[in-house]
Amino acid sequence: MTTPGTPESPLSILCRGCGLCCDGSLFSHVGLEADELERLRALGIPTQQRGSGKEVLAQRCPALKGRDCQIYKDRPSSCAAYQCLLAGSLVEDRITLEEAQAVVRKAQRLIADGHARRFLRQRFRGRKGLD
């Protein structure tokens, strides 16, 4: 989590309470750089080999516990670079953290009801891909 006395940014709070980019709702896998493989293995995070021979981090990510990434500070570069549309709106001060969290709750309800595909595309598909 966070170091005592060090406040998390609104973006970190949003991301670590959302997890939609990590739980398989948006992506099937995350592309990895060669140097990330050993680091993930050392952290006990398994990877998968695709038919092409490329190693990827399958989604639902094994580092995701509930909605929180357990390796957030050590996550792969593709994960760190990804910013969904909702996060972008938060960073650009177009919405508040509370409004963004309400959107996440709505997405989670829609996913549970099986009606989330369009909503996720409109609100969460990002500007930077994970592959």
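Bear in mind that the values in this text are calculations on the coordinates, not laboratory data. Computed from a predicted structure; not experimentally measured. Cβ: placed from backbone, ideal geometry, glycine included. Neighbour counts: every protein chain shown.
For the chain, the list of Cys residues with no other Cys C-beta under 4.7 Å reads 15, 18, 21, 69, 79, 84.
Note on the chain: with charges restricted to the Cβ of Lys and Arg (+1) and Asp and Glu (-1), its dipole about the Cα centre is near 540 debye. Under 5 Å between amide hydrogens, built in the peptide plane, is the criterion, and for residue 24 it picks out 61 among residues at least 5 positions away or on other chains. For residue 125, the amide hydrogen comes within under 5 Å of the amide hydrogens of 85, counting only partners 5 or more places away or on other chains and with H modelled in the peptide plane. At 7 Å along Cα-to-Cβ for each site, give me the label-to-label distance between residue 49 and residue 33 in nm. For the pair residue 49/residue 33, the computed spacing is 2.3 nm. Computed from the C-beta positions of residue 72 and residue 110 and an R0 of 25 Å, the FRET efficiency is 0.50 to the nearest 0.05. Projecting the Cα atoms of 110, 18, 62 onto the charge dipole of the chain, computed from C-beta unit charges around the Cα centre, puts 110 farthest toward the positive end.
Mean residue ellipticity at 222 nm from the helices of the chain, using -39,500 (n - 2.57) per DSSP H segment of n ≥ 4 over the full residue count, to the nearest 500 deg cm²/dmol?
About -11500 deg cm²/dmol.
So for 98, 36, fewest C-beta neighbours within 10 Å to most, what's the order?
Ordered by Cβ neighbours within 10 Å, fewest first: 98, 36.
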